[in-house]
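A quick write-up on the structure given underneath.
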Number of protein chains: 4
Amino acid sequence: MIVVMSQEATPEQIEAVLRKIESFGLQTHPIYGVQKTVIGVIGDDKTKVVETMAGYSGIEQIIPILKPYKFASRETHPQNTVIDVSGIAIGGDKIAIMAGPCAVESREQILNTARLVKMAGGCILRGGAYKPRTSPYSFQGLGEEGLKYLAEAREETGLPVITELTDPRNIDLFCEYTDIIQVGARNMQNFVLLTEIGRSGHPALLKRGPSSKIEDLLLAAEYIIKEGNLNIILCERGISTFETYTRNTLDLSAVAALKQLSHLPVVVDPSHSVGVANLIPAMSMASIAAGADGLLVEIHPNPNAALCDGPQSLDFETFTNLMHKLRKLAAAIGRDL
Amino acid sequence: MIVVMSQEATPEQIEAVLRKIESFGLQTHPIYGVQKTVIGVIGDDKTKVVETMAGYSGIEQIIPILKPYKFASRETHPQNTVIDVSGIAIGGDKIAIMAGPCAVESREQILNTARLVKMAGGCILRGGAYKPRTSPYSFQGLGEEGLKYLAEAREETGLPVITELTDPRNIDLFCEYTDIIQVGARNMQNFVLLTEIGRSGHPALLKRGPSSKIEDLLLAAEYIIKEGNLNIILCERGISTFETYTRNTLDLSAVAALKQLSHLPVVVDPSHSVGVANLIPAMSMASIAAGADGLLVEIHPNPNAALCDGPQSLDFETFTNLMHKLRKLAAAIGRDL
Amino acid sequence: MIVVMSQEATPEQIEAVLRKIESFGLQTHPIYGVQKTVIGVIGDDKTKVVETMAGYSGIEQIIPILKPYKFASRETHPQNTVIDVSGIAIGGDKIAIMAGPCAVESREQILNTARLVKMAGGCILRGGAYKPRTSPYSFQGLGEEGLKYLAEAREETGLPVITELTDPRNIDLFCEYTDIIQVGARNMQNFVLLTEIGRSGHPALLKRGPSSKIEDLLLAAEYIIKEGNLNIILCERGISTFETYTRNTLDLSAVAALKQLSHLPVVVDPSHSVGVANLIPAMSMASIAAGADGLLVEIHPNPNAALCDGPQSLDFETFTNLMHKLRKLAAAIGRDL
Amino acid sequence: MIVVMSQEATPEQIEAVLRKIESFGLQTHPIYGVQKTVIGVIGDDKTKVVETMAGYSGIEQIIPILKPYKFASRETHPQNTVIDVSGIAIGGDKIAIMAGPCAVESREQILNTARLVKMAGGCILRGGAYKPRTSPYSFQGLGEEGLKYLAEAREETGLPVITELTDPRNIDLFCEYTDIIQVGARNMQNFVLLTEIGRSGHPALLKRGPSSKIEDLLLAAEYIIKEGNLNIILCERGISTFETYTRNTLDLSAVAALKQLSHLPVVVDPSHSVGVANLIPAMSMASIAAGADGLLVEIHPNPNAALCDGPQSLDFETFTNLMHKLRKLAAAIGRDL
């Protein structure tokens, strides 16, 4: 790390900082510049050292040089991690399309959708049973009943299922009923939840929070990995910006950046990112061209009647057409669907 | 609510929308414009109706006219809510200064700080025992031991305490040990946690999430109130923006807006907002001038040695000076400290 | 437009608003709701009427229903506009790759680059002669000398050139030396400049400002079109957000949205968007998959020695490889390069 | 400056970077860490050196240690700059209230307003004659006629006037008619305009752009100062964020930060920041408490009839009441109005 002392720092303050850093067993290399003194520090950038030093008098800023995450980093794990989800590989050459409704609304709705997903070539079924909603007056999901319908759809179609966990007390239930546990954007920094998922060892999809930097997402993944669970899929789903035409701003550079910084698979949720159905096919194509390993798309047999996120759900026809186009695109970039 | 049909909507689509809205028992008033048809709807703006309609074909946008929150709204509760926290009134004429370290680090540290807070005229002691940190390698707090030190400090000084809850499974522990349960910014939309706090009836301080709109904060409060708990203090603590000079951007217009939109008390956390100690006194003054009912300030007996948030902690001397200036300011605007 | 009266509005205030709106020759349709009165207005949404009404007492908000831009809108001009730039068609099936250095640095540099652009299959040469830079201490460009080198490169290779105009007093010079006048992101709302370009009738590329909404960009285009110049290429180049890993956040949903909202061609500048060379190939691919009509890419014969934007310039080999991949992608989506 | 080499950098790349830096006459101090090499550089942080190095192979990042602006910095000019505007001192103990309509609409309107500003204790009259508006269909101002009405109002009341310049070709006209030339937020990085103002030596008020960092604002001021004009007032007027309740987000930490980083006076425009009249008094109070040297407030004799920005204009009564409260507040912080 680099410690920049302020222009007004006294020799005593500089000395105190040097002694303190050395007390952690680290080497210091002070550089006395014309206006400011800068201290280079050799040794592991321990987060706690950075934090301990941060409040010292006379310090203008501390610049960490090493990345604050370890296990999620490609530097420590150069090969792509490929995750096995009940026989489906995620993070390899094959692109994984996960599709389904925002919320499981009824047995019939989820069964119909599952059949369509399978027919169109999707490989995983999504559907929310416990729905975190901005308003307490919105539909909150069917709960355990929803999990059971998902399990039934899985049994019939053979598609693994992904659904969102919001309460750490439900972890066992989710390990039983679902193939991938989804952590929603609002819970990306719910560290209690992340720790439970880490301990479970179950495959998890971790969505980026709407005001989370790329680095914050990797640190959140680190909470899971630290407990011994490497089965993590990262998911870009849009960030909060001033633009109001779309629900969030889909940040596709994050996909390319995450693929460089980390070995974990990266997928995109175009539905929540833009929130407008007629932009979703274009954003799905762009996501794959940007290097994503998969998509998480909302579809609904009848968007007119959806209890949740109707405006951003694709109908079956649009989804089927999109799958055709994605297949051509995948071939052009040397992958397949 | 107002439903705007797109320019391409067919008469059949318009008709279908009208019929569906009327099926909820609401009156419709279609206005056939030169280019577009707009439908005015009379009756309560039920969130679920808005959501059900949202996916209908031919609809360009739905504009709710009534506010989506009810119990948090000043429209339904015109007088200020004044919350009683173990004898301290929050939300009345008196401004409440809550101060203490980011994290409880030791028995001595929290006892010393508590004495200083009391001496300087603060009325509530803050201190984190369970710390949610962006990195899993940062100090995570002393846990239950920290709660006990806080309780001891309260016993000695008589100051009520506030500390952050992160796990719904700890709700009973917190009701026992703390006077105000703090919900951190990362957990503002942890609805499982909000529901538990609502059921407990315990006073709570709800921090605005870094990418949450003013309306989202009020809807999060609504999750707590809906369970029968009106003892809520709202807290502005900065939002995520492109500016990097400060940790977050303190949004003081939100304070003035919240005081108009809601009857709940509003306080400001200048420490986490700006993250730079030498801007905090000015932002504390500005917060009170903007109409805040209190402050939540980080102070530390020795910021050089803080295990957490050292750079944004005020030392005792700076805090004492700030209290003098706040007292003069409060008098000038007809309040007191 | 829709006028929402506040809950406290008096009958007199409602009456005054109705009378005022009718004085503009517009029809009013008041809807008296349970809590609030809403007034539907039929007739053209004249911006000035909206603005005049905006300050009236008792009004809570005014919601325009029609789009505030006209000539830039696809509603008034359903077919794609294809612009002829010295024989190159932009906005049709063929994707236009514009490439070159951030700044013209020397005769040799721009000539070498132009030859490479041509060889690799690019169709337009970019290069800045007048450089607006955040710091006055940065390289400001070669000025008129740079324009002359560009003209020489055009003569030799036959590639049309694009370069940025910053001073309205230079409009004639630019019409003489350049094929497309570029309006930089910082000048998107320099209405004096836009008006001059409008009057000149010269093809122009208009970059989105870093804090400009999609609608603001279309309104800026409207300033040019209003003067009679329809030869406008819109350009997405990233917006300001909290993410610091990339220079700006590339907003590819804006590309898809602009293609729906407007008939004008849309291109992407991946270089300024992300500002990191190794993310640019992926973002170029994603831009084309999102529906862009072209790219504006920074390349440099020797990025190590660039006087400007070296870190985001592609070297010739990377650019040539990218062109191969773009060609395959274009074919997969039914276009060509 | 500090140069961080990437983990993959070869010894040859490191050597090349060292040689190049030394070729500028700067001293290098390489620190060979466990994973990465970091190079400390002693000597002035010349912007052009930083930029030249930026594209070198093997460099991960370059971290400037010295501030990129010089003349605007308090480091080079520790005392506050107090600007004399036709006898009014700005930047001293006295707080300057500048008030008036968004746009000059008529002779009568501006004369009435000027009288009120004077009577209420304001010291400078504001009013736009050339209005940059997002839409070309909005009222664009009276132009030179507006300047003449302002001059007449100045003559009658003795109040100096401030008005916005948008076209570099009008600089002489503005030096003749106005006491302070305003640079609007959209033109903060219109470097052609800044250079002309710099050369004129005329007092100027420079508004922060909606996506400009604090540092960008100081670099824009540097463009003016570099030409020999130190008569600059900085103005915070809100930044673009995801919050939609207010027009922009007023960033009051920027006021405190600018007062620390620079010697130039800092004022706040609460009207454009929040865009909602009933939040403006609170934000005016907060601005002064944050340390601002003045305010730029929109007032209108009849906001109901304003041609521009009616919703954010204060009526005379509200403004007069606000002045009373500001006077008390100023006294409490040791300043006066």
Notebook entry, point to check: Against the longest principal axis of chain C, how steep is helix C:144-157, in degrees 0 to 90 to the nearest 10, with axes from Cα atoms?
Noted result: 70
Note to self: Restricting to bridges with both residues inside the protein assembly as shown, how much of the DSSP beta-bridge set is antiparallel, in percent to the nearest 5?
What the structure shows: 40
Next item on the list: Considering only DSSP beta bridges where both residues belong to chain D, give the percentage that are antiparallel (nearest 5).
Entry: 40
Next item on the list: Please average, across the residues of B:302-308, the number of beta carbons from any other chain that are within 10 Å of each residue's own beta carbon, and give a whole number.
Entry: 5
Notebook entry, point to check: Does anyone have the angle between helix B:214-225 and the longest principal axis of chain B? Alpha-carbon axes, 0 to 90°, nearest 10?
Noted result: 80
Checklist line | All aspartates and glutamates inside 13 Å of C:LYS328 as judged from Cα atoms, apart from same-chain residues fewer than 8 positions distant | finding: C:ASP336
Margin query: Suppose we consider the axis relating copy A to copy B; can you name the residue of A with the nearest Cβ and state that distance in angstrom as an integer?
Written below: A:SER211, 2
Notebook entry, point to check: Taking a label point 7 Å from Cα toward Cβ, how far is D:SER6 from its twins in the other copies, in nm, shortest first?
Noted result: 3.6, 4.4, 5.7
Item checked: Ordering of B:14-22, C:286-294, A:310-318 by burial proxy (mean other Cβ atoms within 10 Å per residue, highest first) -> C:286-294, A:310-318, B:14-22
Item checked: Label geometry 7 Å along the beta-carbon vector: C:GLY92 inter-copy distances in nm -> 4.5, 6.9, 7.9
Margin query: Between region C:181-212 and region D:195-246, how far is it from one alpha carbon centroid to the other, in angstrom?
Written below: 21
Check: Shielding of D:53-65 by partners, i.e. mean partner chain Cβ atoms within 10 Å per residue?
Finding: 5
Margin query: Using a label point 7 Å beyond Cα on the Cα-Cβ vector, give me the inter-copy distances for A:PRO78 in nanometres, one decimal, shortest first.
Written below: 5.4, 5.7, 7.3
Margin query: Please compute the average number of Cβ atoms from other chains found within 10 Å of each residue's Cβ in peptide A:77-85.
Written below: 0
Notebook entry, point to check: Applying 1/(1 + (r/R0)^6) with R0 = 56 Å to the Cβ-Cβ distance of B:GLU145 and C:ASP84, what FRET efficiency is obtained, to the nearest 0.05?
Noted result: 0.15
Next item on the list: Could I have the simple spin-label model distance between A:ASN278 and D:ARG199, label points 7 Å from Cα toward Cβ, reported in nm to one decimal?
Entry: 5.0
Notebook entry, point to check: Pairing the Cα long axis of helix D:280-289 with the longest principal axis of chain D, what angle in degrees results, from 0 to 90 and rounded to the nearest 10?
Noted result: 50
Check: Given a Förster distance of 51 angstrom, what is the FRET efficiency for D:GLU108 paired with C:THR244, based on the Cβ-Cβ distance and rounded to 0.05?
Finding: 0.50
Margin query: Testing the spin-label approximation: label points 7 Å from Cα along Cα→Cβ at C:LEU173 and A:ASP93. State their distance in nm.
Written below: 5.6
Next item on the list: Identify all lysines with a Cα-Cα distance to B:LYS70 below 28 Å; exclude those on the same chain that are fewer than 8 residues away in sequence.
Entry: A:LYS131, B:LYS20, B:LYS46, B:LYS48, B:LYS94, B:LYS207, B:LYS213, B:LYS226, B:LYS259, C:LYS36
Next item on the list: Enumerate cysteines in the protein assembly as shown without a disulfide-compatible partner, where compatibility requires another Cys Cβ under 4.7 angstrom.
Entry: A:CYS123, A:CYS175, A:CYS235, B:CYS123, B:CYS175, B:CYS235, C:CYS123, C:CYS175, C:CYS235, D:CYS123, D:CYS175, D:CYS235
Next item on the list: Rounded to the nearest 500, what is the 222 nm mean residue ellipticity of chain B from helices alone, with -39500 (n - 2.57) per DSSP H run of 4+ residues and division by all residues?
Entry: -10500 deg cm²/dmol
Checklist line | Part-to-part distance (alpha-carbon centres) for region B:275-297 and region C:34-56, which is given in Å | finding: 39
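None of the figures in this text is laboratory data; all of them are computed from the coordinates on show. Please read all numbers here as calculations on a predicted model, not as lab measurements. All Cβ positions, even for glycine, are placed from backbone atoms using ideal geometry, and neighbour counts span all protein chains on display.
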